[in-house]
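To start, the structure under review is shown below, and the notes come after it.
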Amino acid sequence: MKYNKNQLQKYRQNALTFDEKLNLEENAKKRFPTTVLALSLVQVKGYIRYYDNEDLSLHAEITGKITVPSSRSLLPVVRDINLIIDERYIEDEQRLKDFDETEAVFVLENDTLDVDEAILDNIIAELPLQILTTAEIADDKLPSGKDWHVVSEETFENEKKDDNNSNFDPRFAKLDDFFKE
């Protein structure tokens, strides 16, 4: 769904509403080839409002399913998509300073609002950094291989303390006091 700003001017009084199923899988795989393994049809309900100050507002509720690789084993993991986006689009980049950093405000490019791109960007942004399969969540064993293994931060700190204590040669204890003067 792409809308030119001129098309949206007729919606000054009443917002343009939509309720559609979008197929964004091909675009998602092209833009995020290592992140998106599959993307179901995405149900999108929302509206676009055109304001007198030439700003556009996009509100959308998005549901669907996305398949992404596990961050540990790269096995496919299916995740539900259920998010709401509220974004504002402005023409003049200089006006960005008028908004708080927490507000979702973007500069409109080529006088066109690409709703598909906005939806896809928000879906990817909502993915957590750590994605695990149900088996990986249930099993607390971390991956390992020849001469390497993954450890939790807590285990790492404990190993570091043990190494410091075990490598301490008591004959050097007197040297600790040498630099204290």
Quiz item: Relative contact order for segment 58-162 using alpha-carbon pairs under 8 Å, separation at least 6, rounded to a whole percent?
Solution: 24
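Express in % the proportion of alpha carbon pairs of segment 17-165 at distances exceeding 23 Å.
Working: 5886 of 11026 pairs.
So the pairs more than 23 Å apart make up 53 percent of the total in segment 17-165.
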Self-check item: Charge dipole of segment 2-136 about the Cα centre (unit charges at C-beta), most positive-ward option of Q9, L83, T63
Solution: T63
Quiz item: So what is the relative contact order for the chain, in percent, with contacts set as C-alpha pairs under 8 Å and at least six apart?
Solution: 17
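For the chain, give me the percentage of DSSP beta bridges that are antiparallel, rounded to the nearest 5 percent. Before the final figure, lay out each step's value.
Working: 37 of 40 bridges.
Within the chain, antiparallel bridges account for around 90 percent of the total.
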Quiz item: Tell me, what HN-Hα J-couplings in whole Hz come from the Karplus equation 6.51 cos²θ - 1.76 cosθ + 1.60 at θ = phi - 60° for each residue of segment 121-131, using x for Gly and Pro?
Solution: 4, 6, 4, 5, 5, 7, 5, x, 5, 10, 10
Quiz item: For segment 10-17, in order, what is each residue's ³J(HN,Hα) by Karplus, 6.51 cos²θ - 1.76 cosθ + 1.60 with θ = phi - 60°, in whole Hz (x at glycine and Pro)?
Solution: 6, 9, 5, 7, 10, 5, 7, 9
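Values quoted throughout were computed directly from the atomic coordinates according to the rules given, and no laboratory measurement underlies them. Just so you know, these numbers come straight off a predicted model, no measurement behind them. With ideal geometry, Cβ positions are generated from the backbone for all residues, glycine too; neighbour counts draw on all protein chains shown.
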